[in-house]
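Worksheet: the structure to be examined is printed underneath.
The values are calculated or read from the model by the stated rules, or taken from the named source; none is laboratory data. Everything numeric in this text was worked out from a predicted model, so none of it was measured. Positions of Cβ are generated from backbone atoms using ideal geometry, with glycine treated the same way; all protein chains shown enter the neighbour counts.
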């Protein structure tokens, strides 16, 4: 008689959360830029109180570069009046606003349907 051995690997919740963050990062950045133009540091500061979103220096700048290449945002260099180091300020383009509108609608539907399945706060 053979006994089948089953191995159960513990779920890596951090890896799962990382995948959630990757999917939501673009929506979060576009929504913040819809409020006001911001630098990369300004975006990180706005997200600081929301650590579950998980954007860091290492992840936000590649995302901003991609969004700029795709035409969803535009960046312009701004130098402080008193001199010093400038910073790039990002703003939504018309294409970015259109993408944000579509993404918000998709997010709302996804969130509502998933909440029906997994339940509300318990």
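For the range 1-34, give me the residue count where each residue is farther than 14 Å from residue 63 by Cα, part of a helix (DSSP H, G or I) and at pLDDT below 95.
8
Can you pull out every residue in the range 83-112 that is assigned to a loop (DSSP other than H, G, I, E, B) and under 18 Å from the mean Cα position of the chain (by Cα)? Full working, then the answer.
Here is the first cut: in the range 83-112, the residues assigned to a loop (DSSP other than H, G, I, E, B) are 83-86, 93.
Of everything in the range 83-112, just one residue is assigned to a loop (DSSP other than H, G, I, E, B) and under 18 Å from the mean Cα position of the chain (by Cα), namely 93.
Name every residue in the range 25-36 that is surrounded by 16 or more Cβ atoms within 10 Å (Cβ to Cβ) and either closer than 23 Å to residue 79 by Cα or free of Cβ contacts under 8 Å to residues at least 40 places away in the same chain (or both), in order of residue number.
25, 28, 29, 32, 33
Among the listed residues 75, 54, 71, identify the single one that is modelled with pLDDT under 95, touching a helix residue (DSSP H, G or I) at 6+ places or on another chain (Cβ under 8 Å) and surrounded by 10 or more Cβ atoms within 10 Å (Cβ to Cβ).
Values: 75 fails: modelled with pLDDT under 95; 71 fails: modelled with pLDDT under 95.
Exactly one of 75, 54, 71 is modelled with pLDDT under 95, touching a helix residue (DSSP H, G or I) at 6+ places or on another chain (Cβ under 8 Å) and surrounded by 10 or more Cβ atoms within 10 Å (Cβ to Cβ), namely 54.
Give the residue that is modelled with the lowest pLDDT, with candidates limited to residues of the range 83-115 that are touching a strand residue (DSSP E or B) at 6+ places or on another chain (Cβ under 6 Å) and over 13 Å from residue 33 (Cβ atoms).
Once the filter is applied, the top-ranked residue is 86.
May I ask you to verify whether residue 50 is over 26 Å from residue 110 (Cα atoms) and outside any helix (DSSP H, G or I)?
When the stated conditions are applied, residue 50 does not pass them.
Return the residue satisfying two criteria in turn: it lies in the range 65-82 and is without any contact (Cβ under 8 Å) to a residue 24 or more places away in the chain and in a helix (DSSP H, G or I), and of such residues it is nearest to residue 37 (Cα to Cα).
Of everything passing the filter in the range 65-82, 68 is nearest to residue 37 (Cα to Cα).
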